[in-house]
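Notes follow the structure.
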Amino acid sequence: PGLSLVPANISMTRIELPLSTKTKREEKLLHILEEYKAQFDYIIMDTNPTISTLNMNALVASQRVNVVCETQPFSLSGLRVLIEEMEAFYADMNLKPNYSILPNKYEIKTATAQEILGALRSEYGDHVLSAVVRKSEDINVATKKKLPLSGFCKIKSTAFEDIMDLVHEFVLQTQKPL
């Protein structure tokens with residue numbers, strides 16, 4: 001009760017080609033979601049990290065975009081490309097970028113992860129969330145069991161603490177004016 005879920009799957013890629021030939025193709029999802037906005041406090045979409053036609057729709061329809069970045073060198077390089085493409089798309093669409101970056105799979109004991117987190121904060125400043133999700137087996141187990149963390153982990157779980165910090169930060173962000 002109180003939660004609606006519309007799962008997607010790999011077949012969503014089939015919409016790319018027909019969507020790419022439409023006029024105002026980047027706004028199709030926005031118009032569809034307009035019908036449902038009044039019914040929900042939040043509409044959360046999970047997409048892959050590419051600038052595809054479907055993801056362009058998600059960017060246009062979103063009030064805020066949260067980009068997950070592992071604290072690894074290749075992830076930082078990929079993030080740079082993605083943010084560049086995303087900002088160029090927002091400029092083309094005459095939209096104001098509103099995104100946050102979530103550091104993920106952070107390992108406090110590794111110098112590389114600390115360096116990448118520092119680089120994220122240095123390069124992207126206020127776009128980087130305060131919440132950091134540490135690498136945790138609980139998250140892998142939750143994924144494998146297809147359960148939320150709260151469904152099986154202990155209250156003192158670092159994964160549960162990190163996700164709760166993240167949820168609180170998201171809620172606070174949605175209360176700020178855009």
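The values are calculated or read from the model by the stated rules, or taken from the named source; none is laboratory data. Only a predicted model underlies this, so the values are computations on that prediction, with no experimental measurement involved. Using ideal geometry, Cβ is built from the backbone for each residue, glycine included, and neighbour counts are taken over all protein chains shown. In case anyone asks, the SASA skips ligands and DNA or RNA and just uses the protein heavy atoms, side chains included. Shrake-Rupley method; radii C 1.70, N 1.55, O 1.52, S 1.80 Å.
A few remarks follow.
- Dipole in debye (nearest 20) - the chain, about Cα centre, beta carbon charges: Lys, Arg +1; Asp, Glu -1: 440
- Near-label residues of region 42-62 by backbone N, under 13 Å of a point 7 Å along Cα→Cβ of Glu34: 61
- Selected from Thr23, Thr50, Thr71 as most flexible by GNM, with the chain as the system and alpha-carbon contacts under 10 Å: Thr23
- Alpha-carbon spread of region 1-98, three principal axes, descending order, Å: 40, 36, 29
- The C-alpha atoms of the chain define a longest principal axis, and helix 73-92 lies at about 30 degrees to it.
- Averaging over all projection directions, the Cα-based convex hull of the chain occupies 11.9 nm² in the image plane.
- Choice from Arg121, Arg25, Arg64 showing the highest fluctuation, given a GNM over the chain with Cα pairs closer than 10 Å: Arg25
- Nearest 10 degrees, 0 to 90: helix 158-175 Cα axis against the chain principal axis: 40
- Degrees separating the helix 111-124 axis from the principal Cα axis of the chain, which is the longest one: 40
- Surface accessible to a 1.4 Å probe, per residue, for the residues of the chain, Å²: 70
- Counted by Cβ distance under 12 Å from Lys135, the other residues give a net charge of -2, where Lys and Arg count +1 and Asp and Glu count -1.
- Among Ala113, Ala61, Ala91, residue whose mean-square fluctuation peaks in a GNM of the chain (springs only between Cα atoms under 10 Å): Ala91
- Relative contact order, percent, the chain [alpha-carbon distance under 8 Å, six or more residues apart]: 16
- When you restrict to C-alpha pairs under 8 Å that are six or more residues apart and normalise by the size of region 94-178, the relative contact order lands at 28 percent.
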